[in-house]
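Data block below; observations after.
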Amino acid sequence: MNSYTQSLGQVVTVLGSQWGDEGKGKLIDVISEDYEIIARAAGGANAGHTIYIKDPQNPSKQLKFIFHLIPSGIFNENCSCVIGNGVVLELPTLMEEIDLLKEHGVKTDGRVFISDRTHLLFKYHKIIDGIQEEMKGDEKVGTTKRGIGPCYTDKVRRNGIRVHELLDFDTFEKKYRANLEMFKRMYSHFGHDADAELAELKEIAERIKPMIIESSYFLNKALEDGKKILIEGANGAMLDIDHGTYPFVTSSNSTVAGVISGTGIAATKITNVIGIMKAYTTRVGEGPFPSELFDGLGKQIQETGGEYGSTTGRPRRCGWFDAFVGKYSTQLNGFTEINLTKLDVLSGIPSLKIATGYKHDGKQLDSFPSSLEILGKVEVDYVEMPGWDEDISTVRNYNDLPEAARNYVEKIEELLGCKIASIGVGVAREDMIFR
Ligand code: GDP
Ligand code: IMO
Ligand code: MG
């Protein structure tokens, strides 16, 4: 057992605390061996979680996997993976991921479970996502076009279709066709081959029958039996539908609230909430980003950090670490500790800045503003700190980091008032410092 996970309790959740892509997948993969169950709680295939594993045929080579729906603990063959009720599930994508894992010899039968209450995401949701973005023109959100907004809209509108409904395919088909007719009236006629999609779903329904469970019962029973559960968040706090930079957000609660509603595990059962924070900030898609860098340095971080979207391949916008954002998400989620990722990417930058707060009309803001107009005008306060030149990717003990790197980590810790328990220094599983 990893000595770090030994210090954690029975139900641990890992959440993004910026605008997504902080490195959630990697930490989940690294610590998953100490959990019996890994569960996804919210979001859909808008998420792209990257894992590197040693190629079993050639251990000097790393194999890269990007998962959109399968929980990132899948490579730990002793655990079960659960897709929680809060997820919006595009079944063909899940099947592709399962097939890919099978090709690599990873056992998935009897290990992957889907909540019967999970909402199904169909091809027409993706088409509508595209239509809505086009209708918004310059105001577009810059979504991943994975149909997330339209599927959650169906859920809230109460005409969504859930996984258990696949078990009675004729009734399912009627509901599917009725919804599609409604959307064709709402968005004028759009091209979509319903017969083809239904035929594909009919096949998939047979395949997934053994995977369907009452997930809240399953997870709570596992807790009663003393099992340990790791819950994988998707997206990031600043993309949360309530607390993020609305309307430039996703359509679910990507903060800890979504973990509770999206799994059916009670709030009082959660023992640890780990916030994942990149040592700088990135954002993909539109919307405000106060500490964004528009110069060559932003470009340099983008290249060194490989900052291109895992789901869409779009370049990620890059900027300084924003402790005002970090403090806000620490408060929203009640982080018990932080995993600071990609510290290695900052090596070689002579001087580093950290955003500490925002001013509006010359006045210091106490809280993160709801108004995008204000957010667009804020003046950002920074502290500036010396950087370091050394390559830190092989460092495994905190005290072996250059002093400037330790000062940077400790400054962030001080500004957030939360312990940085682990630090990422590269993409591979071993590239971690546990403090
Ligand atoms: P997620 O969506 O939060 O799981 O993050 P993504 O997988 O979308 O993006 C994070 C990227 O950073 C991936 O390419 C990871 O392989 C990479 N990564 C994670 N941790 C580190 C780290 O500590 N150092 C470096 N250099 N890359 C990292
Ligand atoms: P992971 O789990 C980064 C962003 C999109 C867009 C906005 C709304 O990999 O961290 P949506 O398709 O959800 O309607 O898009 O949210 N977004 C993400 N950005 N990482 C993600 O997930 C994201 N999920 C959504 O780019 O700006
Ligand atoms: Mg990602």
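Things worth noting here:
- For the range 302-327, the set of residues classified as crowded, with 23+ Cβ neighbours inside 10 Å, within 16 Å of ligand 3 (Cβ to nearest atom) and part of a strand (DSSP E or B) consists of C318 only.
- Of the candidates I161, I131, I127, the single residue that is surrounded by fewer than 21 Cβ atoms within 10 Å (Cβ to Cβ), in contact (Cβ under 8 Å) with a residue 60 or more places away in the chain and over 22 Å from the mean Cα position of the chain (by Cα) is I127.
- The residue that is nearest to A323 (Cα to Cα), counting only those in the range 222-243 that are surrounded by fewer than 24 Cβ atoms within 10 Å (Cβ to Cβ) and not charged (D, E, K, R), is H243.
- Meets criteria (among the polar types (S, T, N, Q) and either closer than 22 Å to K411 by Cβ or assigned by TED's automatic domain parsing to the domain that holds V409 (or both)) for T281: yes
- R429 being farther than 25 Å from V256 by Cβ, loosely packed, with under 15 Cβ neighbours inside 10 Å, among the basic types (K, R) and touching a residue at least 12 places away in the same chain (Cβ under 8 Å): no
- Among the residues of the range 273-310, those identified as at pLDDT 95 or above and either among the small types (G, A, S) or in contact with a His (Cβ under 6 Å, 6 or more places away or on another chain) (or both) are G275, A279, G287, S291, G296, G298, G305, G306.
- Selection count where residues are exposed (fewer than 11 other Cβ atoms within 10 Å of the Cβ) and of a type outside the set (G, A, S), scope the range 100-110: 2
- Breaking point among (1) at pLDDT 95 or above; (2) under 25 Å from the mean Cα position of the chain (by Cα), for R435: (1)
- Matching entry among E203, E224 (being closer than 30 Å to T5 by Cβ and not polar (S, T, N, Q)): E224
- Restricting the range 328-353 to residues that are in contact (Cβ under 8 Å) with a residue 60 or more places away in the chain and among the polar types (S, T, N, Q), the residue that is surrounded by the fewest Cβ atoms within 10 Å (Cβ to Cβ) is T336.
- Subset of the range 354-390 [in a strand (DSSP E or B) and either β-branched (V, I, T) or in contact (Cβ under 8 Å) with a residue 60 or more places away in the chain (or both)]: I354, A355, T356, Y358, V380, Y382, V383
- Of the residues I51, I83, I37, I74, the single one that is within 12 Å of ligand 3 (Cβ to nearest atom) and outside the structural domain of I204 (by TED's automatic domain parsing) is I51.
Residue by residue, here is whether (1) of a type outside the set (A, V, I, L, M); (2) farther than 30 Å from G226 by Cβ; (3) over 14 Å from the mean Cα position of the chain (by Cα); (4) assigned to a helix (DSSP H, G or I) holds:
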{"position": "H243", "(1), (2), (3), (4)": "yes, yes, yes, no"}
{"position": "P247", "(1), (2), (3), (4)": "yes, yes, yes, no"}
{"position": "S254", "(1), (2), (3), (4)": "yes, no, no, no"}
{"position": "I276", "(1), (2), (3), (4)": "no, no, no, no"}
{"position": "G285", "(1), (2), (3), (4)": "yes, yes, yes, no"}
{"position": "P288", "(1), (2), (3), (4)": "yes, yes, yes, no"}
{"position": "L297", "(1), (2), (3), (4)": "no, yes, yes, yes"}
{"position": "Q300", "(1), (2), (3), (4)": "yes, yes, yes, yes"}
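- A267 satisfies every condition listed in (1) touching a residue at least 24 places away in the same chain (Cβ under 8 Å); (2) over 23 Å from I74 (Cα atoms) except (1).
- Residue, farthest from ligand 1 (Cβ to nearest atom), within the range 28-50, restricted to residues that are of a type in the set (A, V, I, L, M, F, W, C) and over 15 Å from I276 (Cα atoms): I37
- Residue that is nearest to ligand 1 (Cβ to nearest atom), among those in the range 272-297 that are among the small types (G, A, S) and closer than 26 Å to F65 by Cα: A279
- Some residue of the range 42-65 being more than 20 Å from E200 (Cβ to Cβ), of a type in the set (S, T, Y), at pLDDT 95 or above and crowded, with 23+ Cβ neighbours inside 10 Å: no
- Any hit, the range 177-189, residues being basic (K, R), more than 16 Å from ligand 2 (Cβ to nearest atom), surrounded by fewer than 19 Cβ atoms within 10 Å (Cβ to Cβ) and modelled with pLDDT of 95 or more: yes
- Single residue of N78, N85 found to be in contact with a helix residue (DSSP H, G or I) (Cβ under 9 Å, 6 or more places away or on another chain), polar (S, T, N, Q) and either surrounded by 15 or more Cβ atoms within 10 Å (Cβ to Cβ) or more than 19 Å from F65 (Cβ to Cβ) (or both): N85
- Test: L230 is touching a residue at least 12 places away in the same chain (Cβ under 8 Å) and part of a helix (DSSP H, G or I): no
- Counted residues, the range 185-217 - those being out of contact with any strand residue (DSSP E or B) (no Cβ under 7 Å at 6 or more places or on another chain) and in a helix (DSSP H, G or I): 20
- Condition check for G149: touching a residue at least 24 places away in the same chain (Cβ under 8 Å) and either closer than 13 Å to F122 by Cα or hydrophobic (A, V, I, L, M, F, W, C) (or both): yes
The values are calculated or read from the model by the stated rules, or taken from the named source; none is laboratory data. In this text the structure is predicted, and so the values were computed from the model without any measurement. Note: ideal-geometry Cβ built from the backbone for every residue, glycine included; neighbour counts use all protein chains shown.
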